[in-house]
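Data block below; observations after.
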Amino acid sequence: MTDPRFFPTSGPIALGKLAEIAGARIKPGADERAVFNDVAPLDQAGPDQVSFLENRRYVDVFLASRAGACVVHPSLAERAPSGMAILLSERPRRAYAHIARAFHPERVGAVGIHPRSVVDPAARVAPDALIEAGAVVAAGAEIGARCRIGPNAVVGPGVVIGEDTEIGANASVSHCYIGKRCVIYPGARIGTTGFGFDPDPAGHVKIPQLGRVIIEDDVEVGANSTIDRGAGPDTVIGRGTMIDNLVQIGHNVRIGRGCIIVGQVGISGSTVVGDFVTMAGQAGLAGHLNIGSRSTIGPQAGVKDDVAEGATVIGTPALPWKEFGRQLAVLKSLTSKKGG
């Protein structure tokens, strides 16, 4: 259940309007004038709330739910409890997301520069941007329209931030261009020096990191994630990519459009990742690899070789999932045999 202290609701909203918002169809028999006040999980929702069912694993919860309305796939609609209004959608989770956003739109906050922030006179800040207490905006930085720079965040010299982008509390961004509608969550570090040096027993020699970080539009970077600037070539994060918390991206890495990178993934320098790649939690990628578009890297995979387009790999060292499964089956058979 949503806590109104943190998530005030804009309800009530009529069922017919919710169907329009979600791009869903109302199952015949429901009253499109019925109103609902909020969203809630299936097992907690009441008669004035809307929920959704996507995973068949939760059909039993759906059958027992007291939700007044539910977004479901047409194949499950006939199993709905009596009296529940049904919104039919081929993509229930997405439809529910639109409904939840309607009940809980983003708050329109204050604008302006807080008196306890530090903004260099040579910075350019849009008049409708918000610079919160303790934030630092250095000389030559450009903050676009409707941006929000959170408390104690640091925007380095020359950084350009596109409109409607949010920089979270205590985040730091330097040597970078950030696109429109991005979210950089609290504690993220973008543009820090890449891990480049010439090793020597007499003392390692640091190689100057002279590239940038380019973050395209509609990217999210999770809390306490780090993205190193390039050594000469830029580090690039493609449009629409979603990066979870505690992810490390090394210098010169190029990530394509629409990728999903889950928590604790590490990508070593100069690796190139195609479009719409998914990397599960704690996967580690060696440097100078090519990861094909629409491929999947399994959880805790150790990737030392290139990955073909559309492939799924898992294990350490990472193998195609069918090969990994066969090897695991053989190992299980060997270890389960009795004998001296």
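So here's what we get for this one:
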item: Estimated [θ] at 222 nm from DSSP helical runs (n ≥ 4, -39500 (n - 2.57)) normalised by residues in the chain, nearest 500; result: -3500 deg cm²/dmol
item: Antiparallel %, DSSP beta bridges [both residues in the range 13-103], to 5; result: 30 percent
item: Fraction of beta bridges assigned by DSSP in the range 171-323 that are antiparallel (%, nearest 5); result: 10 percent
item: Cα centroid separation - the range 227-271 against the range 302-336, whole Å; result: 24 Å
item: Packing-based ranking, highest mean first, of 281-288, 200-207 given that Cβ atoms within 10 Å are counted; result: 281-288, 200-207
item: Phi-based couplings in Hz for the range 53-63 (Karplus 6.51, -1.76, 1.60; Gly and Pro marked x); result: 10, 10, 8, 4, 4, 9, 4, 4, 5, 4, 5
item: Estimated vicinal HN-Hα couplings, Hz - the range 27-38 in sequence order (Karplus 6.51, -1.76, 1.60; Gly, Pro = x); result: 5, x, x, 8, 8, 5, 8, 4, 10, 10, 9, 5
item: Amide hydrogen neighbours beyond the local backbone of VAL307, cut-off 5 Å, H modeled; result: ASN290, ILE291, GLY292
item: Sequence-distant residues sharing a close amide H with GLY258 (under 5 Å, placed H); result: ARG239, GLY240, THR241, PHE276
item: Exposure proxy order (Cβ contacts within 10 Å, fewest to most) of VAL160, VAL108, VAL253, VAL119; result: VAL108, VAL160, VAL119, VAL253
item: Pairwise centroid distance, computed over Cα atoms, of the range 57-94 with the range 152-217, Å; result: 45 Å
item: Summed side-chain charge close to ALA283 - residues other than ALA283 whose Cβ falls under 13 Å, Lys, Arg +1, Asp, Glu -1; result: 0
item: Rounded, prolate or oblate (a/c below 1.5 giving rounded, otherwise prolate when a/b exceeds b/c) for the range 13-103 by Cα gyration tensor; result: rounded
item: Dipole moment magnitude, nearest 20 debye, the chain about Cα centre, only Lys, Arg, Asp, Glu C-beta charged; result: 840 debye
item: Chain lengthening between LYS322 and ALA133 when straightened (0.36 nm per residue, less Cα-Cα); result: 62.7 nm
item: Shape of the range 171-323, Cα gyration tensor, a/c cut at 1.5; result: oblate
item: Long-range HN-HN contacts of ILE113 with modeled amide H, under 5 Å; result: ILE131
item: The chain: antiparallel DSSP beta bridges as a percent of all, rounded to 5; result: 10 percent
item: Residue-by-residue Karplus 3J(HN,Hα) for the range 268-273, coefficients 6.51, -1.76, 1.60, Hz, glycine and proline x; result: 6, x, 6, 7, 10, 10
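The numbers here are math on the coordinates, done by the rules we state, and not lab data. Computed from a predicted structure; not experimentally measured. Quick reminder, even Gly has a Cβ in these numbers, built from the backbone with ideal geometry, and neighbours come from all protein chains shown.
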